[in-house]
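Data block below; observations after.
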Amino acid sequence: MTNQTNHNKKWSFFIDRGGTFTDIIALNPNGSISAVKLLSQNPDHYKDAAIEGIRLSLGVSKQDPIPANTIHTVRMGTTVATNALLEHKGEPTLLLTSQGLSDCLEIGTQARKEIFALNIQKPTMLYTAAESLNERVDADGTLITPLDVPQAHKILEHHYQNGIRSLAILFMHS
């Protein structure tokens, strides 16, 4: 199968890392497309399926470094992470937001299938707890309110002591 010639004369790789298999699509500089399918976990043969797929596509042995100057792009998605999100199997996570925005994800758009339902079924949030920090940067990057470091330390320490080791940060304009 061929595609239009890859103008940058370098390889491009598109990878889907799944729970069982990792699929690697390689676009050769001459425009041809090839595919490699590997077990996502195969420690007796390779440490990482994505890297092994790139090696196989380029014809590079395990002993030699991958020539980075021959690669234009590597794009990777993972159904492992997507499935973990969909199944709510991730680590307990703290969501940190700019002051006053900690409930925005929970509020969402207020769109509902049954607009007049009395018993509203809201989706379960992907995070365990949400906190706001006093900080703000405007859309141009100008500091409006510097981060309140003692407040941040206190909040982070509290949640760490309660077993949360994963953190998502969502600051306005940052």
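The values are calculated or read from the model by the stated rules, or taken from the named source; none is laboratory data. A quick note: this is a predicted structure, and the numbers were derived from the prediction, not measured. Cβ: placed from backbone, ideal geometry, glycine included. Neighbour counts: every protein chain shown. Protein only, heavy atoms only, side chains kept; ligands, DNA and RNA dropped before computing areas. Shrake-Rupley method; radii C 1.70, N 1.55, O 1.52, S 1.80 Å.
A quick yes/no check of all residues on (1) open to solvent by 60 Å² or more (accessible area, probe 1.4 Å); (2) within 30 Å of L126 (Cβ to Cβ); (3) under 25 Å from the mean Cα position of the chain (by Cα); (4) aliphatic (A, V, I, L, M):
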position: N8; (1), (2), (3), (4): no, no, no, no
position: A35; (1), (2), (3), (4): yes, no, yes, yes
position: Y46; (1), (2), (3), (4): no, no, yes, no
position: G59; (1), (2), (3), (4): yes, no, no, no
position: K62; (1), (2), (3), (4): yes, no, no, no
*Restricting attention to the range 158-174, report how many residues are open to solvent by 70 Å² or more (accessible area, probe 1.4 Å) and part of a helix (DSSP H, G or I).*
3
*asked:* If I ask for residues that are within 25 Å of the chain's Cα centre (by Cα), assigned to a loop (DSSP other than H, G, I, E, B) and of a type outside the set (S, T, Y), which ones from the range 106-132 would you list?
replied: G108, K122, P123, M125, L126
*Name, by its number, the condition in (1) under 18 Å from F13 (Cα atoms); (2) without any contact (Cβ under 8 Å) to a residue 60 or more places away in the chain that does not hold for C104.*
(1)
*asked:* Restricting to the range 133-157, give me the number of residues that are part of a loop (DSSP other than H, G, I, E, B) and either surrounded by 13 or more Cβ atoms within 10 Å (Cβ to Cβ) or in contact with a Ser or Thr (Cβ under 8 Å, 6 or more places away or on another chain) (or both).
replied: 4
*Can you name the condition, by its number, that I169 falls short on among (1) without any contact (Cβ under 8 Å) to a residue 24 or more places away in the chain; (2) closer than 16 Å to L95 by Cα; (3) in contact with a strand residue (DSSP E or B) (Cβ under 6 Å, 6 or more places away or on another chain)?*
(1)
*Residue satisfying all of: in the range 83-105; assigned to a helix (DSSP H, G or I) and exposed (fewer than 12 other Cβ atoms within 10 Å of the Cβ); farthest from the chain's Cα centre (by Cα) among these*: L86
